[in-house]
Amino acid sequence: MRLSARIAAVCAAGLLILLAAPVAGAQPLDRGPVCVQRSGPVARVGGHHTRDVVTLGGADRLSRWLSRHPGVEARTAAAVTPVTVPVAFHVIRADLTAAGGNVTSRQIHRQIAVLNASYGGSTGGDDTGFQFSLLSIDRTTNASWFKFNSGKERKVKAALKVGGPETLNIYSADLGNSLLGWAYLAQDADSVGVLDGVVVHYKSLPGGGWGPDYSGGDTTTHEVGHWLDLLHTFQGGCNGDGDFIDDTPAEASPAYECPKGRDTCAATGLDPITNFMDYTFDSCMFQFTADQAARMQAAWQAYRTP
């Protein structure tokens, strides 16, 4: 689906509506007119961790921006531009133990390496042009903050956030048994202000204890994709503009584990189960596509360029 395509309005313009979570205790955010992406429930269901149920309601504002800047889509489709994103990593811990969320500097550096490999194309996908440079690490020992939820989010981020929309702020904490992480879309960076950034469960970092299925670092890869304005590959199901990406085949619903050969829509192409914006195991996903790279490049120019 072309970047400049329109999505039919089905809710209030610009909202991402979080539907009822499939696991008890996983509550949707309710903050009014902001775009929110959450990857969620980590309770075991049928041998896999489930994530969120998210749909885009209203117009895709990046598509509208591209219609006003017609040269950008052509340039981003023709070639990626190298972009280095500064990363401020915030460790929120209960105490100084691993179980208390005190992730090591080595884990954080490994996470940055995972991002650079994933976005650089060395895992088997397209080179998106994005690389990530660790700007700072800070550690906050606060048992209340460690049990992180949306009710504490604004206070915590107001105390810790670094830089503007060009700086990727990553917060690791204990998100309980209902969430792997969440992020805010690039097109909402200005409106959400201090909330902008990525939140991940501390166990999702490399070496976090969930094994190759969920501790490979690709929860962060997935959430940073949202931070750069990517939607899920199954956005919109088999109909309409979907995720606004031409080279991700339509997909009726999220894929879990690693269901090779899955094909849920009549349109050409198997489900993109190896794409970072699906819900498969970390060990299954390995790629972004050329059109996803173009959308992220356009979003950077529109909403995050310093």
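The values are calculated or read from the model by the stated rules, or taken from the named source; none is laboratory data. These numbers come from a predicted model, not from an experiment. Backbone-built Cβ (ideal geometry, glycine too); neighbour counts: all protein chains shown. Heads up: the accessible areas ignore ligands, DNA and RNA and are worked out on the full protein's heavy atoms, side chains in. Shrake-Rupley method; radii C 1.70, N 1.55, O 1.52, S 1.80 Å.
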| message | 5 Å is the cut-off here: which amide hydrogens, built 1.01 Å from N in the peptide plane, fall below it relative to Y171, excluding neighbours closer than 5 in sequence? | response | H90, V198, V199, V200
| request: Starting from the Cα of T84, step 7 Å along the direction of its Cβ; do the same at L96; then give the gap between the two resulting points in nm. | output: 3.4 nm
| message | I want the local charge near G236. Using Cβ-Cβ distances under 11 Å, sum +1 for each Lys or Arg and -1 for each Asp or Glu among the other residues. | response | -4
| note | With A94 itself left out, Lys, Arg at +1 and Asp, Glu at -1 over residues whose Cβ is under 15 Å from its Cβ give +3
| task | Search the structure for amide H atoms under 5 Å from the amide H of E166, placed 1.01 Å from N in the peptide plane, and list their residues when 5 or more places away or on another chain. | result | none
| task | Return the carbon/sulfur percentage of the accessible area of region 78-181, one whole number, probe 1.4 Å, all protein chains in place. | result | 53 percent
| remark: Each label sits 7 Å from Cα toward the beta-carbon; between A252 and T305 the label points are separated, in nm, by 4.2 nm
| How do the peptides 66-74, 273-281 rank, highest first, by the average count of neighbouring beta carbon atoms within 10 Å per residue? | 273-281, 66-74
| Entries in K147/K260; K152/K260; K152/K203 that, when Cα-Cα distance is taken, lie over 28 Å | K147/K260; K152/K260
